[in-house]
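Since the structure comes first, as structure tokens, the remarks are kept for the end.
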Amino acid sequence: MIISAPSPAELPLLRALERAAGEPFRHLGMAPIADDEPPSLTELTRFQRAGRALAAYEGPGRGGRPIGYLLWEPVDGCTHIEQVSVHPDHARRGIGRALIDRAEREGGPVPLTLTTFAEVPWNAPYYARLGFRSLTDAELTPGLRAVRAHEATLGLDRWPRVCMRREPSMRPADRLEPN
């Protein structure tokens, strides 16, 4: 697997990947999540131009279609994972973990944060296995509170949500594979 910045021409492929990655939510009674519109090309371009978009590709060389992607941005001194998606045909192969670990390296020696669904198996329970811990309300930074408030306006609070954080030292050494 190769992880690199997606080219501008690949950004529409990330939108298609996001649609596919949303489909499993339908089977959990979360059809609005499955039907949610992916990030716009304008949003994806903003992340890509800022150097905060990563895509995973199968095999050697970058020539294929992306099979996963991650968007991140700095929030209150942390690397905040805005979105991480893996195509369902490529799930359970360590792609999400590799993207998260790469974002951690690119974001610098600061904690990682994210917001996610608390009860979706491939969300909060998965991130807990990767060393993230749930934050209490008292631990939320102003930036994370703003992220959560925005998510509420989008209707994501219809299902339990949680903010999570992973300290740089929490990444197990066996996941320090080069990319």
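Out of (1) of a type in the set (A, V, I, L, M, F, W, C); (2) crowded, with 21+ Cβ neighbours inside 10 Å; (3) touching a residue at least 40 places away in the same chain (Cβ under 8 Å), the odd one out for Leu70 is which? Failed condition: (3). Scan the stretch 20-40 and tell me whether some residue there is free of Cβ contacts under 8 Å to residues at least 12 places away in the same chain and acidic (Asp, Glu). Checked the stretch 20-40: at least one residue is free of Cβ contacts under 8 Å to residues at least 12 places away in the same chain and acidic (Asp, Glu). Can you pull out every residue in the stretch 58-76 that is assigned to a loop (DSSP other than H, G, I, E, B) and either in contact with a Cys (Cβ under 7 Å, 6 or more places away or on another chain) or modelled with pLDDT under 95 (or both)? If the condition is that a residue be assigned to a loop (DSSP other than H, G, I, E, B) and either in contact with a Cys (Cβ under 7 Å, 6 or more places away or on another chain) or modelled with pLDDT under 95 (or both), then Glu58, Gly59, Pro60, Gly61, Arg62, Gly63, Gly64, Arg65 are the ones that fit.
Counting the residues of the stretch 95-112 that are over 10 Å from the mean Cα position of the chain (by Cα) and touching a residue at least 12 places away in the same chain (Cβ under 8 Å) gives 12.
Scanning the stretch 13-34 turns up no residue that is under 23 Å from Thr113 (Cα atoms), assigned to a loop (DSSP other than H, G, I, E, B) and out of contact with any Leu (no Cβ under 9 Å at 6 or more places or on another chain). Residue count for the stretch 24-46, restricted to those that are surrounded by 14 or more Cβ atoms within 10 Å (Cβ to Cβ) and of a type in the set (Asp, Glu): 2.
The values are calculated or read from the model by the stated rules, or taken from the named source; none is laboratory data. Since the structure is predicted, the reported quantities are computational estimates derived from the model, not experimental observations. Counting neighbours? That spans all protein chains shown, and the Cβs are built from the backbone with ideal geometry, glycine included.
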